Amino acid sequence: MKRDTILTIKLPGAGGALEDYAVREPKAFRRPSKAFTRRALAAAHVVADPLSSKAPWLEPAIDWDATIAYRKHLWSWGLGIAEAMDTAQRGMGLDWPTSLELIRRTVDAAKDVPGAFVASGAGTDHLKDNASVSDVISAYEAQCSAIEKLGGRIILMASRALVACAKSPEDYGRVYDRILSQVKEPVIIHWLGEMFDPALDGYWGNRDHNAAMETCLEILKRHKAKVDGIKISLLDQDKEIAMRRKLPKGARMYTGDDFNFAELIEGDAEGYSDALLGIFDSIAPAASHALSALASGDKAAYHETLAPTVPLSRHIFRAPTRFYKTGVVFMAWLNGHQDHFVMVGGQQSARHLLHFCELFRLADTAGLLSDPPLACSRMKQLLALHGCN
């Protein structure tokens, strides 16, 4: 059905001059009525508290009520939560003590939501510089133990400290062998590519992704009883499919490819990817609607729903990719899930005004501006702040 134009807003065009842009009615997305055929986790962002008296360069200030409310919003669309991940600014303003409090609050909130699923990031980000491989092992053990004591499930995050101290792929094997032999429940391994975090370049002991993949696969095969699956975020569809086909039986491939997620989740004759995606934070209604269509066997509706979200995702995750969180929080602000566009550590300044203007257009095209008058009002606030009146 054709969407009606309901509002007009002036946005900077390609040449910088303000031009009329017609905003349309949002799309109507249905909430799920039955289980998806793919596991779908949204890596959720945190809402900063801009009025906190804390010094933001010393301790992150979080609006806990708004942050947990957003997780309830994601659960209401049938999505699970990947907690305290890079989308939540882990390693970019969110420290380990605050991450653990975030995990505690989310795990507690999930108890009141039927079917709510949470898996939480365990890493080594509390380590100081010049850590050894033994220090990395101890750090992983400490964070895994803390999450398990809360009743949480674990996503084993990639470690910057391990990249810095490892001398060979065997050091990665030593670390993962130790941790996977101790965890209580199967974990999700997280391989975050250097495009998301330059400090992770050369993970698994090799800058060649294909060689690194073989090291990772050997570890997964040795510990298949303790591995739920692996999330890879390399933004390379072919590499993900190649690895997916080599996984030990029963291990899930969770796509972290925010460029090609639609095709990867649909899959092919040899398998499919589940999802653990930062973009699902921003497109939850569309993702849920599409996954319901896929569960019903309606692939046409699945692709019709997701197709306009892909350009939006590629824009949010464009290089430098590590600043994608800015677009995620901007979307939440436009749609009324938080009262401000302020991020932990001031990361809202990481993108240019024209980036946000194009994001606004793409979100509208995808039908994801749920309250157009509110979105326009907030977009005008941002424009005025930049002198565009």
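The values are calculated or read from the model by the stated rules, or taken from the named source; none is laboratory data. No experiment lies behind these values; they were computed from the predicted model shown. With ideal geometry, Cβ positions are generated from the backbone for all residues, glycine too; neighbour counts draw on all protein chains shown. Accessible surface is based on the protein model in full, side chains and every heavy atom, while ligands, DNA and RNA are left aside. Shrake-Rupley method; radii C 1.70, N 1.55, O 1.52, S 1.80 Å.
State all residues of region 309-338 that are part of a loop (DSSP other than H, G, I, E, B), more than 18 Å from residue 364 (Cα to Cα) and in contact with a helix residue (DSSP H, G or I) (Cβ under 9 Å, 6 or more places away or on another chain); if no residue qualifies, say none. 318, 320, 338 - these are the residues of region 309-338 that are part of a loop (DSSP other than H, G, I, E, B), more than 18 Å from residue 364 (Cα to Cα) and in contact with a helix residue (DSSP H, G or I) (Cβ under 9 Å, 6 or more places away or on another chain). Do we have residue 365 as closer than 21 Å to residue 21 by Cβ and among the hydroxyl-bearing types (Ser, Thr, Tyr) here? Judged against the criteria, residue 365 is a match. If I filter region 183-199 down to residues being open to solvent by less than 30 Å² (accessible area, probe 1.4 Å) and part of a loop (DSSP other than H, G, I, E, B), which single residue comes out as nearest to residue 324 (Cα to Cα)? Residue satisfying both the conditions and the ranking: 196. For region 357-384, how many residues are assigned to a helix (DSSP H, G or I) and among the hydroxyl-bearing types (Ser, Thr, Tyr)? The qualifying residues number 2. Taking helices (runs of 4 or more DSSP H) as the structural unit, those lying wholly within region 200-278 and holding at least 2 residues that are more than 19 Å from residue 40 (Cβ to Cβ), in contact (Cβ under 8 Å) with a residue 12 or more places away in the chain and open to solvent by less than 50 Å² (accessible area, probe 1.4 Å) correspond to 209-222, 237-244.
Table: residues versus (1) in contact with a strand residue (DSSP E or B) (Cβ under 6 Å, 6 or more places away or on another chain); (2) at pLDDT 95 or above; (3) small (Gly, Ala, Ser); (4) within 23 Å of residue 244 (Cβ to Cβ).
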| site | (1), (2), (3), (4) |
| --- | --- |
| 156 | yes, yes, no, yes |
| 159 | no, yes, yes, no |
| 167 | no, yes, no, no |
| 172 | no, yes, no, yes |
| 181 | no, yes, yes, no |
| 191 | yes, yes, no, yes |
| 205 | no, yes, yes, yes |
| 222 | no, yes, no, yes |
| 226 | no, yes, no, yes |
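Restricting 223, 190 to those that are out of contact with any Lys or Arg (no Cβ under 8 Å at 6 or more places or on another chain) and of a type outside the set (A, V, I, L, M, F, W, C) reduces the list to 223. Restricting 325, 380 to residues that are open to solvent by less than 30 Å² (accessible area, probe 1.4 Å), at pLDDT 95 or above and on the phi < 0 side of the Ramachandran plot narrows the list to 325. Of all residues in region 1-50, those that are over 30 Å from residue 156 (Cα atoms) and within 26 Å of the chain's Cα centre (by Cα) total 8. Selection within region 159-182: residues that are part of a loop (DSSP other than H, G, I, E, B) and open to solvent by less than 50 Å² (accessible area, probe 1.4 Å). The member of this set that is farthest from residue 124 (Cα to Cα) is 168.
Residue count for region 17-35 under the criterion of being of a type in the set (Ser, Thr, Tyr) and in contact with a Leu (Cβ under 8 Å, 6 or more places away or on another chain): the result is 1.
Test residue 100 against the criterion of being open to solvent by less than 40 Å² (accessible area, probe 1.4 Å) and in contact with a Leu (Cβ under 9 Å, 6 or more places away or on another chain), and give yes or no. So that I can check it myself, show each step before the final result.
Values: open to solvent by less than 40 Å² (accessible area, probe 1.4 Å): no; in contact with a Leu (Cβ under 9 Å, 6 or more places away or on another chain): yes.
Taking the combined requirement at face value, the residue does not satisfy it.
Checking the structure you have, find out if any residue of region 281-290 is at negative phi, in contact (Cβ under 8 Å) with a residue 60 or more places away in the chain and open to solvent by 20 Å² or more (accessible area, probe 1.4 Å). Yes, region 281-290 contains a residue that is at negative phi, in contact (Cβ under 8 Å) with a residue 60 or more places away in the chain and open to solvent by 20 Å² or more (accessible area, probe 1.4 Å). Figure legend. Inter-residue proximity from region 104-125: first residues under 18 Å from residue 155 (Cβ atoms), second residues modelled with pLDDT of 95 or more and aromatic (Phe, Trp, Tyr), beta-carbon distance below 7 Å, spacing 6+ or different chains. Indicated pairs: 105/64; 116/75; 122/140; 124/140; 125/96.
Residues in region 291-317 that are open to solvent by less than 10 Å² (accessible area, probe 1.4 Å) and among the β-branched types (Val, Ile, Thr) were compared, and the one that is farthest from the chain's Cα centre (by Cα) is 309.
Residues being in contact (Cβ under 8 Å) with a residue 40 or more places away in the chain and among the hydrophobic types (A, V, I, L, M, F, W, C) are entirely absent from region 49-56.
Considering the conditions (1) open to solvent by 10 Å² or more (accessible area, probe 1.4 Å); (2) free of Cβ contacts under 8 Å to residues at least 40 places away in the same chain; (3) under 23 Å from the mean Cα position of the chain (by Cα), residue 156 is excluded by exactly one of them, (1).
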